[in-house]
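The values are calculated or read from the model by the stated rules, or taken from the named source; none is laboratory data. Values in this document were obtained by computation on a predicted structure and should not be read as measured data. FYI the Cβ positions are ideal-geometry reconstructions off the backbone, even for glycines, and counts take in every protein chain you see. Quick note on the areas: whole protein, heavy atoms, side chains included, nothing else; ligands and nucleic acids left out. Shrake-Rupley method; radii C 1.70, N 1.55, O 1.52, S 1.80 Å.
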Amino acid sequence: MHGLDIISTLFMAGGAFFMLTGAAGLLRFPDFYTRLHATGKCDTLGEVLIIVGCMIYQGWSFITLKLIFLTLFIFIANPVGTHAIMKAAYVTGLKPWKRGEARR
Amino acid sequence: MVFKSKGEKAFSMVVTFCAMFIFWLLLSAWIIYIPQHYDLIEISKGIICALIVTLISHELLVSKRGERVLLKTLRLIPYLGWELWQIVLATFDVAYRVIHPKMPIDPRIIEFETTLRSDFALTTLANSITLTPGTITILVRPETGKFWVHAIAEKPADALLVDQTMQRKVAHVYMEE
């Protein structure tokens, strides 16, 4: 096993860990807004770490360039999507959870 | 979006077309670099695709001729580096809150006003708020520069309300202090 393989595996494992954490947050957090925090943030870094792992595994080629574009689009699209869902919930009048209330 | 003159419309179309065609070239570079596939038909396919995208969406990419675009782009680069570091911090912050047995969250909605007015500056700030630790943008009112933000605890809320590091950084990048 080459050194680069180990590094790319580490990156992918890190990405998988953050995706799992995001899923755990989706189950643990008490309401819609806080759940969006877990998924919106963990998924951004999780996806990017997995893509970086793929880049290192693949080596330098035009695939790398495409993966860099993919990373950029994730960085732009992920916050926009999170914001759009949250705005939709807020505008339709979903009340945010406050500390001390029962979970929904 | 309203254009002031025909010249600005032509300018935005040319810029969009160039950007789209360069993007197509980069994505389909394997066609160009293998000699037997390199011919006029492939290139014209790319030009036609870029033209279609330009006709539909040239108003979105470049709305009008900006001022001091080069300087703003140069200032954006260190900001993006800082932003990347904030993304890493944000993920660790949320991961800590998820894994911690007591779940240290105290959600609240905060409001604040900024001096920013241009579309790009407001979009950058809104996206940055969503990417940085513990906060997500809910609503933005562009006329008054007002933001509604959902914060997951008190500390990230104070970072936006009291410190205002990010607002100052974005204002510096887009020169709207």
Karplus-derived HN-Hα couplings along the stretch B:95-102 (A = 6.51, B = -1.76, C = 1.60, θ = phi - 60°), whole Hz, x at Gly and Pro = 4, 4, 5, 6, 7, 4, x, 8
Return the distance in nm (one decimal) between the two label points of a simple spin-label model at B:Ser118 and B:Gln164, each offset 7 Å from Cα along Cα→Cβ.
-> 2.0 nm
Taking Cα pairs closer than 8 Å and at least 6 residues apart, the relative contact order of chain A in percent is 33 percent
Mean Cβ neighbour count within 10 Å, used as a protection proxy, ranking A:91-103, A:59-71, B:136-148 highest first = B:136-148, A:59-71, A:91-103
Distance between the stretch A:1-55 and the stretch B:149-177 - C-alpha centres, whole angstrom = 26 Å
Taking the simple approach of a point 7 Å from Cα along Cα-to-Cβ for both A:Trp60 and B:Leu84, what is their distance in nm?
-> 1.6 nm
Too long for a 20 Å Cα-Cα cut-off, among B:Lys9/B:Lys72; A:Lys41/B:Lys155; A:Lys98/B:Lys169, are B:Lys9/B:Lys72; A:Lys98/B:Lys169
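Over both sides of the A-B contact, add up the buried accessible area with a 1.4 Å probe and give it to the nearest 100 Å².
Values: alone 7430 and 12130 Å², together 16270 Å².
Buried area (both sides, nearest 100 Å²): 3300 Å².
Under the definition of partner shielding as Cβ atoms of other protein chains within 10 Å of a residue Cβ, what is the mean value for peptide B:5-13?
On the way: counts 0, 0, 0, 0, 0, 0, 0, 0, 0.
Mean shielding count: 0.
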With an 8 Å cut-off on Cα pairs and a minimum separation of 6 or more residues, tell me the relative contact order of chain B in percent.
-> 20 percent
Collect residues whose amide H, placed 1.01 Å from N in the peptide plane, falls under 5 Å from the amide H of B:Lys146; neighbours closer than 5 in sequence don't count.
-> B:Thr114, B:Arg141
Say each of B:Ser44 and B:Thr144 gets a label point 7 Å from the Cα, pointing the same way as Cα to Cβ; how far apart are those two points in nm?
-> 5.7 nm
For B:Met103, the net charge from surrounding residues (Cβ-Cβ under 9 Å; K, R +1; D, E -1) works out to +3
